[in-house]
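The values are calculated or read from the model by the stated rules, or taken from the named source; none is laboratory data. Since the structure is predicted, the reported quantities are computational estimates derived from the model, not experimental observations. Cβ placement follows ideal geometry from the backbone for every residue including glycine, while neighbour counts extend to all protein chains displayed. Please note that ligands, DNA and RNA were not included when accessible areas were found on the heavy atoms of the full protein model with its side chains. Shrake-Rupley method; radii C 1.70, N 1.55, O 1.52, S 1.80 Å.
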Amino acid sequence: MNNRELRVQDLISGFRRDWKLFLVIVAGFLLLGLAAGFFFSGRASAEGSGSAQAWEPVDFAEVPMGITYYVDCYDYIKEQRKVLCSYIDGVRNDSSITESQQEQLLEMKEEILIFDEDELVPIYWDLNAPDAFYLPDELRQSTLAQYRRERETLLQNISKSEYARSLLDTVGGLSTSDAAVNEIYASILSQAAEYRQLQLDLEQLDTRLNLLENEYPALRQASEEMAQRLDDAARALDARAEEAVALLEEIAQENHLNITFSAEQEDVTVQIGHTTRPATRQEAFTAFVIFFGLVGICAGGFFVLCRETSSYKKESLQQ
């Protein structure tokens, strides 16, 4: 059996002799790569990876109906505003956020703070005014019954306080070493001291009862206007939240992030998952061409080497 050791010189000689054939083979494989890239690059590519969790619109259905309903709605909007700011801050703290993206997020947060000043602060002062009273229409009858019961209780407490004041006027200052007597005397003092506050509570309660019984149309109109203001504020917050989520979605696509958040009571948790960069259609097409080109080079080199070896055998046989 005639064996021959292959050398680099054999490969060089083969290229010199059959370089045209080598180029034809490489070109053929390149054409195959171009065809494969044209037909299959779409399947080999991946869409841009990254997403940001959508914003759930402010829904007052989550606010329990009660006498303080409108105040609770205001607090609910404030909580949602805080959630949105925490959402933005959580993304800003990620290491992949660029300087320009930081500026965009800061501008978005400033818009939310401006919303707070323009929309929420005026509502806060109106809700917390000394004579402020707003009530949903469906709570009128139940509130009337509750306030009447509270009025009876207030009158009883005022009567007790007046009696305690009369006792103090009769007894005057008391100084004794008996602990039980001192305890009773302290209780009478505390009850007498409540008299002024009880009177103020009664005045406020009578004012509200008068609104509910005799001036209800005005109260209902003021309450409806407050409800509309709160709804407008909620929609304004939703609009800014949609803008913020659109920006976060764009950043998530650029930085290949999966962004989610969860809000439980007063804690807002932002979770950011980093993904690998996807391959585009152009990159997949280039990969096909390069792969087939390399295969063509290997196949052409192998073929010219085989021809060189075959010619060497023929020369040996002739000799």
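Side notes on the structure shown:
- Ordered from largest to smallest accessible area (heavy atoms of protein chains, 1.4 Å probe), the residues C73, C298 come out as C298, C73.
- E243 accessible area, assembled protein chains, probe 1.4 Å, Å²: 90 Å²
- Taking 0.36 nm per residue of sequence separation and removing the Cα-Cα distance, the E117/H274 pair yields an extension gain of 53.0 nm.
- Length gained when the stretch E225-T207 is fully extended (0.36 nm per residue, less Cα-Cα span): 4.5 nm
- Distance between the 7 Å Cα→Cβ label points at T286 and A218: 7.6 nm.
- Solvent accessible area, Å² - I297, 1.4 Å probe, full protein context: 90 Å²
- Anisotropy class of segment 97-158 from Cα gyration tensor, a/c 1.5 cut: prolate
- Added length on full extension, which subtracts the Cα-Cα distance from 0.36 nm per residue, R148 to Q102: 10.9 nm
- Against the criterion of solvent-accessible heavy-atom surface with a 1.4 angstrom probe, D94, D267, D131 sort, most first, into D131, D267, D94.
- Estimated at the nearest 10 Å², the accessible area of F303 is 90 Å² with a 1.4 Å probe.
- Computed from the C-beta positions of N93 and E62, the FRET efficiency with R₀ = 35 Å rounds to 0.80.
- Residue list for segment 133-154, given a label point 7 angstrom along the Cα-to-Cβ vector of D72 and an amide N cut-off under 19 Å: 133-147
- Coupling constants for segment 237-247 follow from the phi torsions by the Karplus curve (6.51 cos²θ - 1.76 cosθ + 1.60, θ = phi - 60°), and in residue order they are 5, 4, 4, 5, 5, 5, 5, 5, 5, 4, 5 Hz; glycine and proline get x.
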